[in-house]
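Structure, as structure tokens:
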Amino acid sequence: MPKMKTSRSAAKRFKVTGNGKLIRNKAYKRHILTKKSTKRKRNLRQQTVVDSTNVKNMKKILPYS
């Protein structure tokens, strides 16, 4: 059976934690930052766990993670 291909775009955006959970960066931090509060921008810096509804599809496109 041939090797499965990893989605390279997903591999650059998601990392796997020691417990096997997927982490991602938050959205809305790229532009139009002047109207966002400092607290909101600070919270957008932190990574977060991928929602459980998306994990099945993410594992499919990241087979060796």
At 1.4 Å probe radius, can you tell me the per residue accessible area of the chain in Å²? 91
With +1 on the Cβ of every Lys and Arg and -1 on the Cβ of every Asp and Glu, and nothing else charged, how large is the dipole of the chain about its Cα centre, in debye rounded to the nearest 20? 380
Whole-percent carbon and sulfur share, accessible surface of the chain, 1.4 Å: 52
Put Arg42, Arg8 in order of accessible area, largest first, probe 1.4 Å, and you get Arg8, Arg42
Check which residues have an amide H placed less than 5 Å from Lys15's amide H, if you skip close sequence neighbours. Ile23
Below 8 Å, C-alpha to C-alpha, sequence gap of six or more: please give me the relative contact order for the chain in percent. 41
Per the Kirkwood treatment, what hydrodynamic radius in Å, one decimal, follows for the chain from the mean inverse distance over all distinct Cα pairs? 13.6
Over 21 Å (Cα to Cα) - which of Lys5/Lys26; Lys15/Lys60; Lys12/Lys39; Lys15/Lys36; Lys21/Lys56 fall in this group: Lys5/Lys26; Lys12/Lys39; Lys15/Lys36
Taking the chain as a Gaussian network, Cα atoms linked when under 10 Å apart, which of Asn54, Asn19, Asn43 shows the biggest mean-square fluctuation? Asn19
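The values are calculated or read from the model by the stated rules, or taken from the named source; none is laboratory data. All of these numbers come straight from a predicted model, not from anything done at the bench. Cβ atoms come from the backbone with ideal geometry, glycine included; neighbour counts cover every protein chain shown. Heavy atoms of the whole protein, side chains included, go into the accessibility calculation; ligands, DNA and RNA do not. Shrake-Rupley method; radii C 1.70, N 1.55, O 1.52, S 1.80 Å.
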